[in-house]
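What follows is one structure encoded as structure tokens, with my remarks underneath.
The values are calculated or read from the model by the stated rules, or taken from the named source; none is laboratory data. Everything numeric here is computed off the predicted structure, so don't read it as measured data. Here the Cβ is made from the backbone with ideal geometry for all residues, glycine too, and neighbour counts use every protein chain on show.
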Amino acid sequence: MTAKILAGAMALTLIGTLGGCAKPDAAKPLPGDSAVARVDGRPILKSDVTREAVAQGLIGEGEQLDVNSDLFRKVLDEVVDQKLLAAEAIRRGIDKQPAAQRRVAAARERILGDMVVEGAVDNAVNENAIKALYQEQLKLGRQGEEFRARQIVVASEPEAGAIKKQISSGASFEGLAANRSIDAQTRSSGGDLGYFTSDVMPAAYGAALKPAKTGQILGPFKSDSGWVILKVEDRRKQAPPTLEASRSQIVRFLTYAQVGDLLKTLRGKDRVELLTPAAPSGATAKPKGQS
């Protein structure tokens, strides 16, 4: 018997508490819903199974489960077990025990509080709010620069100097990179590093690239991997992140902001009175048994 099943049994007992003493046929499917099992004559709805799958993180909010899938059957079996355990708890009178009632009351408060938060977030975190914050961040953001360059890496400074003279005399940078560079990752592509920002490269690269212009040959300079010659192929403003790439971060920010504003409002007007002294500034709680 797992803790998850026991928690589910308590949650289903709570549902019964919130809904009152419903009769066996009181739970009627909403349009598009259907009963997929019965326990003691009371239906388990397809939506009950879907809700449990979402609660366990098996599917996302708004996703549906195929009633013929193995996952649906697995979650349905768990919901059946929860129903049976909840019914057995009631048969034994556990729901009348003070400890059980305190736990049910606490779970009831959590569920009701979560529903208030969900409603507030649904109203505030919408497509218009997401797009507005994205545009605001675009205006405030300062985009850096990115470079596209090719490199040749060799073991010694004299070798690097000789290769740079060959380049100055018209030799192919890409050909020299393929034949002479010791950097295995870029040698096969003629030394191509692709587009990058200087902050992701070793410090020596950033220092060399800072004043660089497109088409310029830089180096040789010493880096961790050896002596480097760079050919700057492009220098441009870094493209801002797309709305879709930023969406999850924006939704998270708006959600936290909305919940914070809601709690600040609810905590106002002297509604909360703390009866324990506040901890001294900078103090941390010590584990039990330590002095």
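With respect to the conditions (1) assigned to a helix (DSSP H, G or I); (2) touching a Leu at 6+ places or on another chain (Cβ under 6 Å), ASP33 lacks only one, and its number is (1).
Within segment 97-123, the set of residues being of a type in the set (S, T, N, Q) and surrounded by 12 or more Cβ atoms within 10 Å (Cβ to Cβ) comprises GLN97, GLN101.
Here's the yes/no breakdown for (1) modelled with pLDDT under 95; (2) touching a helix residue (DSSP H, G or I) at 6+ places or on another chain (Cβ under 7 Å):
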{"position": "VAL75", "(1), (2)": "no, yes"}
{"position": "GLU78", "(1), (2)": "no, yes"}
{"position": "ARG92", "(1), (2)": "no, no"}
{"position": "ALA99", "(1), (2)": "no, no"}
{"position": "VAL117", "(1), (2)": "yes, yes"}
{"position": "VAL121", "(1), (2)": "yes, yes"}
{"position": "GLU136", "(1), (2)": "yes, no"}
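The strands (runs of 3 or more DSSP E) found entirely in segment 164-273 that carry 3 or more residues being aliphatic (A, V, I, L, M) and farther than 30 Å from ASP122 by Cβ are 226-237. Within the set THR214, THR197, THR242, the sole residue that is surrounded by fewer than 15 Cβ atoms within 10 Å (Cβ to Cβ) and closer than 30 Å to GLY60 by Cβ turns out to be THR242. Only a single item in (1) closer than 30 Å to PRO241 by Cα; (2) loosely packed, with under 12 Cβ neighbours inside 10 Å; (3) among the polar types (S, T, N, Q); (4) in the same structural domain as GLY191 (by TED's automatic domain parsing) is not met by GLN151, and it is number (2). Within segment 33-69, being surrounded by fewer than 17 Cβ atoms within 10 Å (Cβ to Cβ), touching a Gly at 6+ places or on another chain (Cβ under 9 Å) and closer than 13 Å to GLN82 by Cβ holds for one residue alone: ALA55. Screening segment 109-148 for residues that are within 21 Å of the chain's Cα centre (by Cα) and part of a loop (DSSP other than H, G, I, E, B) and picking the one that is nearest to GLN258 (Cα to Cα) gives VAL125. Scan segment 149-163 residue by residue and report those that are out of contact with any Ser or Thr (no Cβ under 9 Å at 6 or more places or on another chain) and either more than 13 Å from ILE217 (Cβ to Cβ) or not in a helix (DSSP H, G or I) (or both). Matches in segment 149-163: ALA149, ALA155, SER156, GLU157, PRO158, GLU159, ALA162. VAL232 falls short on exactly one of the conditions (1) over 21 Å from SER172 (Cβ atoms); (2) in the same structural domain as SER172 (by TED's automatic domain parsing), and that condition is (1). Provide a single number: the residues in segment 143-198 that are free of Cβ contacts under 8 Å to residues at least 24 places away in the same chain and among the polar types (S, T, N, Q). Number of matching residues: 7.
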